[in-house]
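A quick write-up on the structure given underneath.
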Amino acid sequence: MVISLDHFAKNLSLNVATLRKKRSLTQSKLAELSGATRASIALIESGSANPTMEVLVKISRALQVSLDELLSYPVADCALIAAADVPVEKKGKRGVEIRKILPDKKGSAGIDELRLESGAIFAGTPHVEGTREFFTCTEGEFTVTVLGKPFVVKAGDVLNFPGDKPHSYKNNSRKPSRGFSVILFHY
């Protein structure tokens, strides 16, 4: 599919005007912050400009967004996922539950809520090469073992480890334990 330059000009126009207003900036102030002229900002917002890459980079920096965000179609991409529709996996014979906090597999991250009954053990599956995992214990206590080395993770602690290596979780408390795992693929 070929996308016309008019498509990008329209997106740029809407995005620059919207982002500028959300930041309570005048066209003159955005021009000052970006090093562009006020006339250039006005032309971009009207959709009739053909800015150079240098101008686009300066404006994206001044608005603190990526070039992709400046040129992409402005959409409120929202989805409410009812609790009953959030995927929950029960692992093993006793007491391991994983709830997908990011149920839509978009992007390069995952967040899982891990609940283990007292004494339960969950063997994590190593992820793709270069993955980092950040595990935060929110209730109880876990022993997270990475490459055979155990780490005791108590409520409030965060363990940062290579998610592409063998790892497991064990609930050390007498009550259910809970934590969140943030997985960053190709960290």
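None of the figures in this text is laboratory data; all of them are computed from the coordinates on show. Here the structure is a predicted model, which means the values were calculated and not measured. Neighbour counts run over all protein chains shown; Cβ positions are idealised from the backbone, glycine included.
For the chain, the relative contact order is 18 percent, taking Cα pairs closer than 8 Å that sit 6 or more residues apart in sequence and dividing their mean separation by the residue count.
Per residue, the convex hull spanned by the Cα atoms of the stretch 83-184 measures out at 95 cubic angstrom. By the helix-only formula, in which each DSSP H run with n ≥ 4 contributes -39500 (n - 2.57) and the sum is divided by residues, the chain has a 222 nm mean residue ellipticity of -8000 deg cm²/dmol.
For the chain, how big is the tail of P(r) above 29 Å, as a whole percent of Cα pairs? Percent of Cα pairs beyond 29 Å in the chain: 47. Listed by chain and number, the lysines placed with their C-alpha closer than 20 angstrom to that of LYS175 are LYS90, LYS91, LYS93, LYS154; residues fewer than eight positions away on the same chain are left out. Counting only other residues whose beta carbon sits under 13 Å from that of PHE161, what net charge do I get with K and R as +1, D and E as -1? My count for the surroundings of PHE161 gives 0. Using the Cβ-Cβ distance between LYS10 and VAL128 with R0 set to 35 Å, the FRET efficiency works out to roughly 0.40. Is the stretch 5-71 rounded, prolate or oblate when judged by the Cα gyration tensor, a ≥ b ≥ c being the square roots of its eigenvalues, rounded requiring a/c under 1.5 and prolate requiring a/b larger than b/c? Rounded, because the longest to shortest axis ratio a/c is under 1.5.
Cβ crowding within 10 Å ranks LYS21, LYS170, LYS10 as LYS21, LYS10, LYS170, fewest other Cβ atoms first. When only Cα pairs below 8 angstrom with a gap of at least 6 residues are kept, the stretch 5-71 shows a relative contact order of 40 percent.
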